[in-house]
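Written below as structure tokens is the structure these notes are about.
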Amino acid sequence: MSEKIKFTIDGKEIEAEKGQLLVEVAAENGIYIPVLCHWKGVHPAGSCRICTVKINGRFMASCTTPVDANMVVESNTPEIQDLRKAIIEMLFVEGNHFCPSCEKSGDCDLQGLGYRYQMMVPRFPYAFERRELEASTPKIFLEKNRCIFCKRCVRMIKDEEGRSYFAFKGRGKHLEINLDTKLAEHMSEENARLAMKICPVGAILRKEVGFETPIGKRKYDHVPIGSEIENLQN
Amino acid sequence: MQKVTIEPVTRVEGHGKVTIHLDDNLNVAQTRLHIVEFRGFERFVQGRPYWEAPVLVQRLCGICPVSHHLAAAKALDVIVGAGTGHGLTATGEKMRRLMHYGQMFQSHSLHFFHLSAPDFLLGYDSDPATRNVVGLAVKFPELATKAVLMRKFGQEVIHFTAGKKIHGTGAIPGGINKNLPIEERDILLKGADPLNIDTMIQWAYDAVQLFKDYYMNNKEFVDNFAHFPSNHFSLVRKDGALDFYHGVLRAVDAEGKRILDDVDYQDYNHYIEEEVRSWSYMKFPYLKHIGKENGWYRVGPLARLNTCDFIPSKLAQQEFELYKAHTNGKPNNYCLHTHWARLIELLHAGEVIKELLLDPDLQKDDLVIKGTKLHKGVGLIEAPRGTLFHHYEINDNDQITLANLIVSTTNNNEPMNRSVNYVAKKMMTGQSQITEPMKNAVEIAIRAYDPCLSCATHAMGQMPLDIKLFNVNGEIVDHYRS
């Protein structure tokens, strides 16, 4: 049996099993720490840093940090809120996130966080990167300009033999998400659906079905992102 | 040597410019209405997935985005193999119709009461400081309240069909993404007074009477304002009825002779050509078989009531008959009668909304239909201000490769220029000074067409017109900028 430990998040005492991921323990206790790259049950990547918290005075990603006894975690502080907001702004300026015509609008985690953290105008200049779209496969339309490099698709969307459909290409500012078009010729409907679902933005789109969900029935039309976790507590 | 031309350099939205040239004898030699309406949508929609077009392209406009939303969706219906018009499921087509007639209702209300009524009810030569919707609200508070509520009602119809009042997502290729639940229907049908369809129809009827009363007392001004013959162009239902959502192309000349009839709009480019003139970013469309000189035409309410044979709703048909009697059944070429026609359309829109609200098809769940995919589709719709063309082509990867839009205001380019010319000649010949009422008369001529440029800017009586008066040497004698 795992060892039970105690620690605090924003002064609230939490009991958990030692080694559990901090972001998941927080969620189980009704404390929302935003995530973009993390997906429960999938090996953490720690790539987006939106879940950054301060643990015993040090900034750390809560999706890669196992809990331990007597940790003092700060999450909902002005300093960390602003740091997360800065990350959101960076993600917006780094790509081309034009919500008005994006079919993921209303279901998009990045947009949801933009609203939640009240992003108005980004503090950083737009990068105006221009990446080619990948439209040549039958099921998926890959809008590379919207990718935030969370790597969920690379880690999760695989064929029967375990081969990833998605991969990163390039380095630094030339980094971009890529689709193995040969493999994707035979992508199943199920994988296409899952790929679009796990993509936290509008980078992976299923073909020919855009805007089928009416406004009012989308994920964040009525409640802000994170409500499902915070409501556990209420 | 290489010549690099960057044209246009920037986009200017909602701005018009009129230039008037006078010769030595102070005769009006030339007038031009310049509209810089280049938006670039046709270019940047290229490469995008086709199903994005109805949502993306509607961002052209904030006043009648539903027109663009539906015209694009209609073009894509063809591409996804759902055919045109009646190819959709009953719920799909009727929900879209409801959305569109809701838009007609709000846009026509907005145009007449907020933008044009100040000229009529307060006087075109009244103090410009109060010749606006605020002045109207002070002098006619009850009317102004009705105007606001009629627009609100139309916007609610759009909200329930498109998901949002402005820039919704209701229409998708092959159909619609929602039906109209009973509770939403009842808000529109049986809402607390005055926001229900019966009151709206009554108010629309009252608006027609209001204009008729004005007309009876100002017949000479209205009839002689800008009266010139033209061709008229619109969609009509296959049986000749007025239809804002779908139909075939019809055009009549100034005498009522049909010069185009029963044409499938998928072939629009066999019949319509666009001329480019160096001084305006807006093209000049004309009917190919008649030619540049005489093939230009009017679109919008005046044109629609000239091309259709009847209006398929009771009260509007009664008013239509009275309206037609005025010109003995011949086409109406009086520029300011456009307002009369617009209000009859407003009444018709209200009646159609009621008919649709009572239709149980709106509660069914069969929303989308698709068939064999094609690479090209054309969608036409009668927008509040006239016929709107959307034409898309796609590649095998579902990306848009070509988009061509001919917007309503573009179709009215030549008639607007002629109206400006008519009014300028009448008001300014022999004048070396332009008075404010003269300038406003020019604006009234343009406003009658409800051009898109007015929508964003005239709400407070400040259409950003730039009028320059030149002498024969090209020197500016007077300059007015509102």
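Laboratory data are not the source of any read-out in this text; all were calculated from the coordinates shown. Keep in mind that this is a model prediction, so the values were computed, not measured. Backbone-built Cβ (ideal geometry, glycine too); neighbour counts: all protein chains shown.
Results, tabulated for the structure shown:
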quantity	calculated
Residue mean of other protein chain beta carbons inside 10 Å, A:212-219	6
Low-density loop positions, trypsin sites (Lys or Arg not before Pro), segment A:1-60 - DSSP coil, at most 15 other Cβ in 10 Å	A:18, A:40
Note, ³J(HN,Hα) from phi for segment B:387-402, Karplus 6.51, -1.76, 1.60, rounded to Hz, x at Gly and Pro	5, 10, 10, 10, 9, 10, 10, 10, 9, 5, 8, 6, 9, 6, 10, 8
Entries in B:74/B:283; A:158/B:376; B:94/B:314 that, when Cα-Cα distance is taken, lie over 27 Å	A:158/B:376
Cα gyration tensor, segment B:270-314 - rounded (a/c under 1.5), prolate or oblate	prolate
Relative contact order of segment A:1-98, pairs being alpha-carbon contacts under 8 Å that are 6 or more residues apart, as %	31 percent
³J(HN,Hα), Karplus 6.51/-1.76/1.60, whole Hz, each residue of segment B:101-118, x for Gly, Pro	6, x, 5, 4, 4, 6, 5, 5, 4, 4, 5, 5, 6, 7, 9, 9, 4, x
Of the trypsin sites (Lys or Arg not before Pro) in segment A:106-136, those whose Cβ has at most 15 other Cβ within 10 Å and which sit in DSSP loop	A:123, A:130
Rg ratio (alpha-carbon, reference 2.2 N^0.38 Å) - segment B:77-197	1.32
Under 18 Å from the Cα of residue B:439 - lysines, other chains or at least 8 residues apart	B:17, B:425, B:426, B:468
Segment B:158-314, relative contact order in percent, only Cα pairs under 8 angstrom and at least six apart counted	17 percent
Calculated on alpha-carbon atoms, Rg and Dmax of chain A in Å	18.5, 53
Shielding by other protein chains, B:48-55, mean Cβ within 10 Å	6
Residue among B:173, B:474, B:201 farthest towards the positive dipole end of chain B, charges placed on Cβ	B:474
Over chain B, relative contact order from alpha-carbon pairs under 8 Å, at least 6 apart, %	26 percent
Members of B:152/B:219; B:139/B:164; A:85/A:173; A:54/A:219 lying beyond 27 Å, as alpha-carbon distances in this model show	B:152/B:219; B:139/B:164; A:54/A:219
Three semi-axes of the equivalent ellipsoid, the protein assembly as shown, Cα gyration tensor, whole Å, largest first	53, 27, 27
Diffusion coefficient, µm² s⁻¹, Stokes-Einstein with Kirkwood Rh over alpha-carbon pairs of chain B at 20 °C and 1.002 mPa s	94 µm²/s
Mean Cβ neighbour count within 10 Å, used as a protection proxy, ranking B:103-114, A:100-111 highest first	B:103-114, A:100-111
Shape category assigned to segment B:246-339 from the gyration tensor of Cα positions, a/c cut at 1.5	prolate
Cα-based Rg and Dmax for segment A:94-206, where Dmax is the largest Cα-Cα distance (Å)	14.3, 45
Links that overshoot a 31 Å alpha carbon limit, given the list A:151/A:182; A:182/B:364; B:146/B:324; A:12/A:197	A:182/B:364; A:12/A:197
Reachable aspartates and glutamates, given that their alpha-carbon falls under 20 Å from the alpha-carbon of residue A:169 and they are not under 8 places away in the same chain	A:94, A:129, A:132, A:134, A:143, A:159, A:180, A:185
Pair residue A:182, residue B:130: separation of 7 Å Cα→Cβ label points (nm)	8.0 nm
Those aspartates and glutamates that a straight Cα-Cα span of less than 18 Å connects to residue A:18, excepting residues fewer than 8 apart in one chain	A:3, A:28, A:68
Shielding by partners, peptide A:96-106 (average Cβ within 10 angstrom, other chains)	3
Sparse-neighbour loop sites [GluC sites (Glu not before Pro); segment A:106-211; at most 12 other C-beta within 10 Å; DSSP]	A:132, A:160, A:161, A:185
Dipole of segment A:94-206, positive end: most advanced residue of A:119, A:203, A:192 [Cβ charges, Cα centre]	A:119
For peptides B:48-60, A:74-86, sequence by mean Cβ density within 10 Å, most packed first	B:48-60, A:74-86
